[in-house]
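Each reported figure results from applying straightforward, stated rules to the coordinates on display, with no laboratory input. Just so you know, these numbers come straight off a predicted model, no measurement behind them. Don't worry about glycine lacking a Cβ; one is built from the backbone with ideal geometry, like all the others, and counts go over all protein chains shown.
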Amino acid sequence: MNEIHHFIGGKKVTGKSGRFGPVYNPSTGEQSSKVALASAAETAAAIADSEAAFRGWAATPAITRARVMFKFKALCEANIEELATMVANEHGKVLSDARGSVIRGLEVVEFACGIPHLLKGEFSDNVSAGIDMYSMRKPLGVCAGITPFNFPAMVPMWMFAVSIACGNTFVLKPSEKDPSLAIRMAELMLEAGAPAGVLNVVNGDKEAVDVLLSDPLVKAVSFVGSTPIARYVYATAAANGKRVQAMGGAKNHMIVMPDADLDKAVDALMGAGYGSAGERCMAVSVAVAVGGVGDELVERLKPRIESLKVGPSLSADSDMGPLVTREHMEKVRGYIDLGVKEGAKLAVDGRDLRLQGYENGFFLGGSLFDEVKTDMRIYKEEIFGPVLSVVRSNSFDEALAMATDHEFGNGVAIFTRDGDAARAFADNVEVGMVGVNVPIPVPLAFHSFGGWKASAFGDHNQHGPDGVRFYTKLKTVTSRWPTGIRAGAEFIMPTHK
Ligand code: NAD
């Protein structure tokens, strides 16, 4: 069986803990690899190795660091089919979607290529007699990234591309469900010219994570995953004096106003609800039909969902692949059972899908619930699968309140032809990322990504300008270089002269 270990100090390092986790090919249901789970001591050794690489890398001119990022991008592009296939084989996304996810990660690398410009400080000359003042952004030291299963290339790139370009070294702890991408990206970073130790990868579970949250050498922790773990990471890393940004789960609403273009709204719901089998933190999982548009919306959605082409990830015919593991598939199926018990109307039932030749794969068909109520668990909780809930609403205000009052606040969208309604919605909704006739409003790499409420903890979002702020600390220098300090000491608070 293929074994996946760690990547520390510029080479693959065999895990010694004796503990392993299984990695599956979700399309076939077969275990494809086993991944070593690092001990606390192995994790500490990876951090120490990154600490040893820090000073040299921080002192490397930003323009040289940028050139490494340029080369890394070129290498990823040259190897894009290999990277996308790895995503498809371990996560289960269809190949075209897997390729897209790598490209969205590479857009953050492109952003990081501009790091000399992004690190420029501010300068004020002659703030007082003969005194100049300037600021610079300095790297922090060793930074850690803990990433989820659903974007094994893109989410790590959100973090390490910006962090490393800023002059930090980085220890990545990827999801144990699809760990191969992280190792391959670390190899490519080395090939691109990043010195050994600048990007280390430690595979593991809670034991490794707890060291990343407590080791004094780690200065900042970036986490993306589910809300309970995000809360834990935020509280623990902050209690240990670290900077921390921790992104959590979601329940993204799409409001369909009575004046919306229904064809476009249905297309949008299909892609945003069922793309990547609903395993996206920006997936739409609730459609709010406003003012009587619900019946027609459901009638139009039903045949589209029933004719979704569910199939193996590598088949060019598949619209939607399997879920990541059997356990996750059973959890999603459990939510569909629960919705029926709670009294929602199951308009399309994807539970019984069987694929010939792939009977052991982790497949579910698309499911659609109608008449979902806001007190049901299937409305309140994140399902993270190909299940869309339709909720009826009598008014714009009621729909706005649903998205605003929900525990999660990652993404939201409104479909309407009314500019006034759209503007009021964008202005007032308590959600971090808003789409107007755009179902999945993921900010591009030169903006920053992050939700509100239980979808994110910490005050800096991922990548873009916030990413640079998160991974650097500000230093401000006040300098006097004149003909010497003028005679006479002053004992009063200095003021402008
Ligand atoms: P998860 O929380 O189970 O795991 C995320 C990471 O935390 C993994 O590396 C895992 O090994 C680690 N981890 C798991 N349990 C832990 C524990 N008890 N202690 C310490 N570390 C632990 O999340 P997942 O299932 O891999 O990913 C899916 C979740 O991620 C969904 O909730 C999704 O909404 C969310 N997500 C959020 C965003 C965002 O930006 N808001 C983006 C992608 C995914």
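Please give the helix 95-112 orientation as an angle from the longest Cα principal axis of the chain, in degrees from 0 to 90, rounded to the nearest 10.
Between the helix axis and the principal axis of the chain, the angle is about 20 degrees.
Given the Cα-Cα distance of K16 and R377 and 0.36 nm per residue of separation, how much length would full extension add, in nm?
On the way: separation 361, 0.36 × 361 = 129.96 nm, distance 4.23 nm.
That pair, K16 and R377, stretches by 125.7 nm at full extension.
Helix 80-91 versus the longest principal axis of the chain: what angle, 0 to 90°, nearest 10, using Cα atoms?
For helix 80-91, the angle is close to 60 degrees.
What number, in nm² with one decimal, is the all-direction average of the projected area of the convex hull of the alpha-carbon atoms of region 371-497? Display every interim value, and only then the final one.
Details: hull surface 58.8 nm².
The orientation-averaged projected area of the Cα hull of region 371-497 comes to 14.7 nm².
Output the Cα-based Rg and Dmax of region 164-224 in Å, rounding Rg to one decimal and Dmax to a whole number.
Rg then Dmax for region 164-224, in Å: 11.9, 31.
Just want the ordering: M185, M493, from fewest to most Cβ atoms lying within 10 Å of their own Cβ. Each step should come with its number before you reach the end.
On the way: M185 30, M493 5.
Ordered by Cβ neighbours within 10 Å, fewest first: M493, M185.
If you wrap region 228-355's Cα atoms in a convex hull and average its projection over all directions, what's the area in nm²? Don't skip to the answer; put the middle values down first.
Details: hull surface 43.6 nm².
Reported value for the Cα convex hull: 10.9 nm².
In what order do T64, T325 fall by count of nearby beta-carbon atoms within 10 Å, going from fewest to most?
Details: T64 11, T325 19.
Ranking T64, T325 by Cβ neighbours within 10 Å, fewest first, gives T64, T325.
Rounded, prolate or oblate, given the Cα gyration tensor of region 350-400, with a/c below 1.5 counting as rounded? Walk me through the numbers before you get to the answer.
On the way: a/c = 3.93, a/b = 2.98, b/c = 1.32.
Taking the square roots of the gyration eigenvalues as a ≥ b ≥ c, region 350-400 is prolate.
Using alpha carbons only, what's the Rg to Rh ratio of region 210-273 with Rh from Kirkwood? Walk me through the numbers on the way to the answer.
Details: Rg = 18.9 Å, Rh = 14.3 Å.
Using only Cα positions, Rg/Rh for region 210-273 is 1.32.
Counting other beta carbons within 10 Å of each Cβ, put M247, M433 in order, fewest first.
Working: M247 29, M433 25.
The order, fewest Cβ neighbours first, is M433, M247.
Based on DSSP H runs of at least 4 residues, each adding -39500 (n - 2.57), what is the mean residue ellipticity at 222 nm of the chain after dividing by all its residues, to the nearest 500 deg cm²/dmol?
Details: 16 runs with 192 residues, N = 497.
Helix contribution divided over all residues of the chain: -12000 deg cm²/dmol.
Using Cα centres only, tell me the gap between region 383-446 and region 149-180 in whole Å.
Using only Cα atoms to place each centre, the spacing works out to 29 Å.
If contacts are Cα pairs under 8 angstrom and at least 6 residues apart, what is the relative contact order of region 76-125 in percent?
Value for region 76-125: 27 percent.
Mean separation of Cα pairs under 8 Å and 6+ residues apart, divided by the residue count of the chain: what relative contact order is that in percent? Intermediate results must be reported in sequence, preceding the final value.
Values: 1191 pairs, mean separation 92.2, N = 497.
Relative contact order of the chain: 19 percent.
Place the peptides 347-359, 249-261 in order of packing, highest mean first, counting for every residue the other Cβ atoms within 10 Å and averaging per peptide. Kindly include the intermediate steps, with their values, before the conclusion.
Working: 347-359: 13.9, 249-261: 23.6.
Going from most to least packed, we get 249-261, 347-359.
Please provide three numbers in whole Å: the alpha-carbon extents of region 1-65 along the principal axes, with the largest listed first.
So the extents along the principal axes, rounded to whole Å, are 47, 28, 14.
Reported to two decimal places, what Rg/Rh ratio describes region 96-141 when computed on Cα atoms with Rh from the Kirkwood expression? Don't skip to the answer; put the middle values down first.
Details: Rg = 18.4 Å, Rh = 13.7 Å.
When Rh is taken as the Kirkwood radius, the ratio is 1.34.
May I ask you to work out the translational diffusion coefficient for region 68-210 at 20 °C, viscosity 1.002 mPa s, via Stokes-Einstein with Rh from the Kirkwood sum over Cα pairs, reported in whole µm²/s?
Values: Rh = 16.1 Å.
My calculation gives 133 µm²/s for D.
Report the far tail of the P(r) of the chain, meaning the percent of Cα-Cα pairs longer than 37 Å.
On the way: 39947 of 123256 pairs.
Cα-Cα pairs in the chain separated by more than 37 Å: 32 percent.
Put +1 on the Cβ of every Lys and Arg and -1 on every Asp and Glu Cβ in the chain; which of G121, I183, S27 then has its Cα farthest towards the positive end of the dipole?
Projecting each Cα onto the dipole axis, the largest value belongs to G121.
Enumerate by residue number the trypsin sites (Lys or Arg not before Pro) in region 270-323 meeting two conditions: DSSP loop (anything except H, G, I, E, B), and at most 16 other Cβ atoms within 10 Å of the site's Cβ.
Numbers: sites: R280, R300, R304, K309; in loops: R280, K309.
When the trypsin sites (Lys or Arg not before Pro) of region 270-323 are filtered for loop state and at most 16 Cβ neighbours within 10 Å, K309 remain.
What do you get for Rg/Rh over region 1-125 if you use C-alpha atoms and the Kirkwood form of Rh? The partial results should precede the final answer.
On the way: Rg = 18.7 Å, Rh = 17.5 Å.
Rg/Rh for region 1-125 comes to 1.06.
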